[in-house]
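K.L.:
Have a look at the structure that comes next, please.
The values are calculated or read from the model by the stated rules, or taken from the named source; none is laboratory data. This one's a predicted model, so the numbers in the text were calculated from it and none came from an experiment. Please note: Cβ atoms are built from the backbone with ideal geometry, for glycine as well, and neighbour counts cover all protein chains shown.
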There are 2 protein chains.
Amino acid sequence: MYISGIGRTKFGSLPQTLPELAYEAMYEAIVDSNVDITDIGAIFVSNFLGGPLNGQLHLNSIVASLLPGMNVPIARVETACASSSVALKQALYALGQHDHVLVVGAEKMTAGTVLGPTEAIAMAADRHADQLNGLIFPANYALIAQQYMQKYRIGHEVLEQIALINHRNARLNPLAHFHDKDVTLEMIRRSPVISSPLNLFDCSPLSDGAAAVVLSKEPQGSRDVKILSSQYVTDATSLTQRASLTSFNAVKIAARMAYAESGKGPDDIDLAEVHDCFTISELLALEDLGLCEPGGAAKLVGEGRILRDGDLPVNTDGGLKADGHPIGATGLAQIFEIVVQLRGEAGPRQVAGPNVGMIHNVGGIGGTAAVTILEGSQC
Amino acid sequence: MYISGIGRTKFGSLPQTLPELAYEAMYEAIVDSNVDITDIGAIFVSNFLGGPLNGQLHLNSIVASLLPGMNVPIARVETACASSSVALKQALYALGQHDHVLVVGAEKMTAGTVLGPTEAIAMAADRHADQLNGLIFPANYALIAQQYMQKYRIGHEVLEQIALINHRNARLNPLAHFHDKDVTLEMIRRSPVISSPLNLFDCSPLSDGAAAVVLSKEPQGSRDVKILSSQYVTDATSLTQRASLTSFNAVKIAARMAYAESGKGPDDIDLAEVHDCFTISELLALEDLGLCEPGGAAKLVGEGRILRDGDLPVNTDGGLKADGHPIGATGLAQIFEIVVQLRGEAGPRQVAGPNVGMIHNVGGIGGTAAVTILEGSQC
């Protein structure tokens, strides 16, 4: 199974509506592919907060409204911040019965019309165990950061480095939310506390945006990227139901499944997109994916190995931190970046000759975890 | 592919929370099947308004919280009122890679904590074309009813008969929302206008409830029911984008696909569950499914053919009108009823020896349409 087309909008605070964002990404993905839109057999829509923020559910039908007379099966999938990776997996299942399937993820987070974004995003946490006790997302990840920093004896400067690296990468990505923002270590250090020990620059932004991919059963051209594996598993929603705060079990299981299915191991991964909704998440991701030992991620960061010219470039698009985090589109945007890199089309941020890339996309506080492994056709 | 277990809660205004409802239905479905829960390879959750009403999204992870340590892939699917039929289809796709898959649909519509139900339900309609112009659901279906009644020259008494039949069926269904309510034609006629020509008794209620099914690749016992076909397609959301108000094109396409896949035709259908969110919808359903000619549904009703002892019993559980309409569970509750009937386990409401049953489940105003055809193992 192959990714035969990709498309995405710029991320940021944008004028477009939710359907307009979805349309733009779908259009770009179709144009990028060699597939005619009339050959698309099914569509999967990923979105998290269309209801609470935009007053728009039933987005599968809204996408049908954009494609008059097409009348194909369209479904909406929602699994919080991992929505689009899980939609991708359903699309891969459906590819058993169709030659081409389209997946689109979209989110409109600024100019929300119904509820405020903090209240809306909190809906990814357990209503009774978390939300009603004030455990909004920065607070949950702050608990994780406190534990992690104490357990492995690292300081906030590691998190600052992650923010800096991601913002520097975003400067080379014209579609990134913070492409135009020149962020310095001084700005990061001086940013206000959100939920101690996390500061403003430890948090990903509220972004509008959309991304889409065309999936094809058979290769459609030399720019196609092969899907070696796409796996997701779930875990309890609330940290109160977890054995560990410094590792996400669902990520470890999904990674193990993806490595097994792909026949690849951590050493085969040439670059990765990981779910840095908060800077601390990037450390957990590198460890849970087996890309380093537990507690070893800070060293990976400190030695510059995750830089574009390191041996394991991470979040070359700027990550959720600086590329942006339009939730329903995020997993597909991560895939977009890996595909661009594997095709060798990343321009000034191109990594040297990657063959295999990994995508790590998490919902909530590790309640959903998806891991995808892609291989370029150059190798 | 087979339905090897079914479960559901009572429908109505219930004390349980959304997760409690889901748990109860899943438990009953597992107990009803010969499948051990540890053999379930994946779960699909259907829910429409968890965000806007209950402040709870990421329900796939909430279901994982109910099953500690299970860590299987769980996805949430939302396509308005057709959510659970579309979730069923995704589960059937996934059955290619698992021996057993569970589907659960749940909705908690009373005691909503975030937004009011009318505002929340309207999110299934197009925000810009419908919602902001006041086209809430009763108003949309009232437009359809006006057109239909004028085009085919029928009066409101046909709709009253549909309400009466469904309420009488619910009297024989102990799990129905209005099981205990003795509804007379007089009550139906005297009920207040909601949106002319629709009165209170033309509308389905706000219900809490959940339903679940276990799907198995191979038959697990003599009570299993075979899935001959499950199809869904989409159409534009708003009536402003439709050529006809008296027919849903998506239903016609889905029915055609389901007949073709199953090898069955309208004459083979022994009983049907149709999506009577409003009484007028039942007339459209019978016609769009090809069970009678366009404009012929009133005759089908008038001649008593859709009664339990007629030649095409419809909504033997009471339908959405009287069994209830906990939106994310509705499609699975329709399947529950057809399975119970095909097994011959419907007790006082049992239809004589049915072999093939049809389920019709619609999202929005026909923006999503799902048609499922089941066959009993008795035949």
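K.L.:
What are the residues in region B:81-95 that are within 17 Å of A:A87 (Cα to Cα) and either within 8 Å of chain A (Cβ to nearest Cβ) or not polar (S, T, N, Q) (or both), if any?
P.N.:
Filtering region B:81-95 down to residues within 17 Å of A:A87 (Cα to Cα) leaves B:83-95.
Answer for region B:81-95, where residues must be within 17 Å of A:A87 (Cα to Cα) and either within 8 Å of chain A (Cβ to nearest Cβ) or not polar (S, T, N, Q) (or both): B:V86, B:A87, B:L88, B:K89, B:Q90, B:A91, B:L92, B:Y93, B:A94, B:L95.
K.L.:
Looking at region A:17-54, which of the residues that are among the small types (G, A, S) and within 22 Å of the chain's Cα centre (by Cα) is farthest from A:D99 (Cα to Cα)?
P.N.:
First pass over region A:17-54, keeping only residues among the small types (G, A, S): A:22, A:25, A:29, A:33, A:41-42, A:46, A:50-51.
Applying the additional criterion that residues be within 22 Å of the chain's Cα centre (by Cα) yields A:22, A:25, A:29, A:33, A:46, A:50-51.
Values: A:A22: 22, A:A25: 20, A:A29: 16, A:S33: 13, A:S46: 20, A:G50: 29, A:G51: 32 Å.
Checked region A:17-54; the qualifying residue farthest from A:D99 (Cα to Cα) is A:G51.
K.L.:
If I ask for residues that are hydrophobic (A, V, I, L, M, F, W, C) and without any contact (Cβ under 8 Å) to a residue 40 or more places away in the chain, which ones from region B:268-290 would you list?
P.N.:
Applying the first criterion (hydrophobic (A, V, I, L, M, F, W, C)) to region B:268-290 yields B:269, B:271-272, B:274, B:277-278, B:280, B:283-286, B:289.
The answer is B:L286, and nothing else.
K.L.:
Kindly indicate whether B:M109 is touching a residue at least 40 places away in the same chain (Cβ under 8 Å), touching a strand residue (DSSP E or B) at 6+ places or on another chain (Cβ under 8 Å) and within 24 Å of B:I280 (Cα to Cα).
P.N.:
Values: touching a residue at least 40 places away in the same chain (Cβ under 8 Å): yes; touching a strand residue (DSSP E or B) at 6+ places or on another chain (Cβ under 8 Å): yes; within 24 Å of B:I280 (Cα to Cα): yes.
Yes, satisfied.
K.L.:
In addition: Just one of A:A254, A:A210 is away from chain B (no Cβ under 14 Å) and among the hydrophobic types (A, V, I, L, M, F, W, C); which is it?
P.N.:
Values: A:A254 fails: away from chain B (no Cβ under 14 Å).
Being away from chain B (no Cβ under 14 Å) and among the hydrophobic types (A, V, I, L, M, F, W, C) holds for just one of A:A254, A:A210, which is A:A210.
K.L.:
For the subset of region B:55-77 comprising residues that are more than 14 Å from B:V101 (Cβ to Cβ) and within 21 Å of the chain's Cα centre (by Cα), which member is nearest to the other protein chains (Cβ to nearest Cβ)?
P.N.:
B:R76
K.L.:
Can you report the number of residues in region B:17-54 which are within 12 Å of another protein chain (Cβ to nearest Cβ) and under 22 Å from B:K89 (Cβ atoms)?
P.N.:
Just the residues of region B:17-54 that are within 12 Å of another protein chain (Cβ to nearest Cβ), to begin with: B:17-20, B:41-54.
Subsequent filtering for residues that are under 22 Å from B:K89 (Cβ atoms) retains B:41-50.
Count: 10.
K.L.:
Could I ask something else about it? Where in region A:1-90 are there strands (runs of 3 or more DSSP E), lying fully within it, with 3 or more residues that are over 25 Å from A:H275 (Cα atoms) and either touching a residue at least 24 places away in the same chain (Cβ under 8 Å) or touching a Ser or Thr at 6+ places or on another chain (Cβ under 6 Å) (or both)? Show your work before the answer.
P.N.:
Values: elements: A:2-8, A:40-46, A:74-77.
Filter on region A:1-90 gives A:40-46.
K.L.:
When B:L14 is evaluated against the numbered criteria (1) touching a Pro at 6+ places or on another chain (Cβ under 7 Å); (2) more than 9 Å from chain A (Cβ to nearest Cβ), which criterion, by number, is the only one it fails?
P.N.:
(1)
K.L.:
Which number in (1) in contact with a Leu (Cβ under 8 Å, 6 or more places away or on another chain); (2) crowded, with 19+ Cβ neighbours inside 10 Å; (3) more than 12 Å from every other protein chain (Cβ to nearest Cβ) marks the one condition that A:F248 misses?
P.N.:
Just one mismatch for A:F248, condition (3).
K.L.:
Right, here's the next one. How many of the residues in region B:319-340 are of a type in the set (K, R) and either surrounded by fewer than 24 Cβ atoms within 10 Å (Cβ to Cβ) or within 19 Å of B:V86 (Cβ to Cβ) (or both)?
P.N.:
Applying the first criterion (of a type in the set (K, R)) to region B:319-340 yields B:321.
Imposing the further condition that a residue be either surrounded by fewer than 24 Cβ atoms within 10 Å (Cβ to Cβ) or within 19 Å of B:V86 (Cβ to Cβ) (or both) reduces the set to none.
Final tally of qualifying residues: 0.
K.L.:
Got a sec? Which helices (runs of 4 or more DSSP H) wholly within region A:95-208 have at least 2 residues that are among the β-branched types (V, I, T)? Let's see the steps before the verdict.
P.N.:
Working: elements: A:117-121, A:137-151, A:156-170, A:185-190.
Once the helices (runs of 4 or more DSSP H) in region A:95-208 are filtered for at least 2 residues that are among the β-branched types (V, I, T), what remains is A:117-121, A:156-170.
K.L.:
Oh, and also: Test B:L175 against the stated conditions and say whether it is under 24 Å from B:E107 (Cβ atoms), in contact with a Lys or Arg (Cβ under 7 Å, 6 or more places away or on another chain) and not basic (K, R). Break it down stepwise before answering.
P.N.:
Numbers: under 24 Å from B:E107 (Cβ atoms): yes; in contact with a Lys or Arg (Cβ under 7 Å, 6 or more places away or on another chain): yes; not basic (K, R): yes.
Considered against the rule, which asks whether it is under 24 Å from B:E107 (Cβ atoms), in contact with a Lys or Arg (Cβ under 7 Å, 6 or more places away or on another chain) and not basic (K, R), B:L175 comes out as yes.
K.L.:
Any chance you could count how many residues in region A:218-248 are among the hydrophobic types (A, V, I, L, M, F, W, C) and in contact with a strand residue (DSSP E or B) (Cβ under 7 Å, 6 or more places away or on another chain)? Steps first, please.
P.N.:
Step one: of region A:218-248, the residues among the hydrophobic types (A, V, I, L, M, F, W, C) are A:225, A:227-228, A:233, A:236, A:239, A:243, A:245, A:248.
Imposing the further condition that a residue be in contact with a strand residue (DSSP E or B) (Cβ under 7 Å, 6 or more places away or on another chain) reduces the set to A:225, A:227-228, A:233, A:248.
Residues flagged as among the hydrophobic types (A, V, I, L, M, F, W, C) and in contact with a strand residue (DSSP E or B) (Cβ under 7 Å, 6 or more places away or on another chain) within region A:218-248 amount to 5.
K.L.:
For the structure I just gave you, tell me whether A:V101 is out of contact with any Pro (no Cβ under 9 Å at 6 or more places or on another chain), within 13 Å of chain B (Cβ to nearest Cβ) and of a type in the set (V, I, T).
P.N.:
Values: out of contact with any Pro (no Cβ under 9 Å at 6 or more places or on another chain): yes; within 13 Å of chain B (Cβ to nearest Cβ): yes; of a type in the set (V, I, T): yes.
So A:V101 fits the description; yes.
K.L.:
Check region A:261-279 and report whether any residue there is in contact with a Gly (Cβ under 6 Å, 6 or more places away or on another chain), within 14 Å of chain B (Cβ to nearest Cβ) and not small (G, A, S).
P.N.:
Within region A:261-279 (the criterion being in contact with a Gly (Cβ under 6 Å, 6 or more places away or on another chain), within 14 Å of chain B (Cβ to nearest Cβ) and not small (G, A, S)), the answer is no, since none of the residues qualifies.
K.L.:
A further question follows. Restricted to region A:111-151, and to residues that are among the hydroxyl-bearing types (S, T, Y) and modelled with pLDDT of 95 or more, which residue is nearest to A:L14 (Cα to Cα)?
P.N.:
The first filter runs over region A:111-151 and keeps only residues among the hydroxyl-bearing types (S, T, Y), leaving A:113, A:118, A:141, A:148.
Still in the running and modelled with pLDDT of 95 or more: A:141, A:148.
Details: A:Y141: 27, A:Y148: 35 Å.
Out of the qualifying residues, it is A:Y141.
K.L.:
Hey, could you check region A:283-318 for residues that are of a type in the set (D, E) and closer than 18 Å to A:Y232 by Cα and say which is surrounded by the fewest Cβ atoms within 10 Å (Cβ to Cβ)? Full working, then the answer.
P.N.:
At the first step, the residues of region A:283-318 found to be of a type in the set (D, E) are A:287-288, A:293, A:303, A:309, A:311, A:317.
If we keep only those that are closer than 18 Å to A:Y232 by Cα too, we end up with A:287-288.
Details: A:E287: 24, A:D288: 27.
Among those residues, the one meeting the criterion is A:E287.
K.L.:
Another one. Quick one: count up the residues across region B:318-375 that are out of contact with any Asp or Glu (no Cβ under 6 Å at 6 or more places or on another chain) and either among the acidic types (D, E) or free of Cβ contacts under 8 Å to residues at least 24 places away in the same chain (or both).
P.N.:
3
K.L.:
Could you check how many residues of region A:337-367 are under 19 Å from A:V214 (Cα atoms), of a type outside the set (K, R) and assigned to a helix (DSSP H, G or I)?
P.N.:
The qualifying residues number 6.
K.L.:
Here are some conditions: (1) under 24 Å from A:E337 (Cα atoms); (2) touching a helix residue (DSSP H, G or I) at 6+ places or on another chain (Cβ under 9 Å). A:E24 meets all but one. Which one does it not meet?
P.N.:
Checking A:E24 against (1) under 24 Å from A:E337 (Cα atoms); (2) touching a helix residue (DSSP H, G or I) at 6+ places or on another chain (Cβ under 9 Å), the one that fails is (2).
K.L.:
Continuing with the same structure: Restricting to region B:116-153, name every residue that is touching a helix residue (DSSP H, G or I) at 6+ places or on another chain (Cβ under 6 Å), farther than 20 Å from B:D276 by Cβ and in contact (Cβ under 8 Å) with a residue 60 or more places away in the chain.
P.N.:
Listed by number, the residues that qualify are B:A120, B:M123, B:A129.
K.L.:
Of all residues in region A:55-88, which are farther than 20 Å from B:A250 by Cβ and surrounded by 24 or more Cβ atoms within 10 Å (Cβ to Cβ)?
P.N.:
Taking region A:55-88 and keeping what is farther than 20 Å from B:A250 by Cβ, we get A:55, A:78-88.
Selection gives A:E78, A:T79, A:A80, A:C81, A:A82, A:S83, A:S84, A:S85, A:V86, A:A87, A:L88.
For every residue, the table says whether it meets (1) β-branched (V, I, T); (2) under 30 Å from A:I6 (Cα atoms).
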| position | (1), (2) |
| --- | --- |
| A:L185 | no, no |
| A:P192 | no, no |
| A:S196 | no, no |
| A:V213 | yes, yes |
| A:S222 | no, yes |
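K.L.:
Another question, if that's okay. Test of understanding: among A:L185, A:L172, A:L159, which residue is over 29 Å from A:M123 (Cβ atoms), crowded, with 17+ Cβ neighbours inside 10 Å and either out of contact with any helix residue (DSSP H, G or I) (no Cβ under 6 Å at 6 or more places or on another chain) or modelled with pLDDT of 95 or more (or both)? Lay out the reasoning, then the answer.
P.N.:
Working: A:L185 fails: crowded, with 17+ Cβ neighbours inside 10 Å; A:L159 fails: over 29 Å from A:M123 (Cβ atoms).
Result: A:L172 is the single residue among A:L185, A:L172, A:L159 that is over 29 Å from A:M123 (Cβ atoms), crowded, with 17+ Cβ neighbours inside 10 Å and either out of contact with any helix residue (DSSP H, G or I) (no Cβ under 6 Å at 6 or more places or on another chain) or modelled with pLDDT of 95 or more (or both).
K.L.:
Just to check your reading of the model, which residue among B:P192, B:P219 is out of contact with any Cys (no Cβ under 9 Å at 6 or more places or on another chain) and free of Cβ contacts under 8 Å to residues at least 24 places away in the same chain?
P.N.:
Numbers: B:P219 fails: free of Cβ contacts under 8 Å to residues at least 24 places away in the same chain.
None of the other options fit; the residue is B:P192.
K.L.:
When the residues of region B:200-228 are narrowed to those that are under 29 Å from B:C292 (Cα atoms), surrounded by fewer than 21 Cβ atoms within 10 Å (Cβ to Cβ) and not hydrophobic (A, V, I, L, M, F, W, C), which ends up farthest from the chain's Cα centre (by Cα)?
P.N.:
B:K226
K.L.:
Just give me the residues in region B:317-331 being more than 16 Å from B:L283 (Cα to Cα) and of a type outside the set (G, A, S), in sequence order.
P.N.:
Across region B:317-331, the qualifying residues are B:D317, B:D323, B:H325, B:P326, B:I327, B:T330.
K.L.:
One residue is enough: does region A:223-245 have a residue meeting the conditions of a type in the set (A, V, I, L, M) and in contact with a His (Cβ under 8 Å, 6 or more places away or on another chain)?
P.N.:
We begin by selecting, within region A:223-245, every residue of a type in the set (A, V, I, L, M); these are A:225, A:227-228, A:233, A:236, A:239, A:243, A:245.
Still in the list and also in contact with a His (Cβ under 8 Å, 6 or more places away or on another chain): none.
No, every residue in region A:223-245 fails to be of a type in the set (A, V, I, L, M) and in contact with a His (Cβ under 8 Å, 6 or more places away or on another chain).
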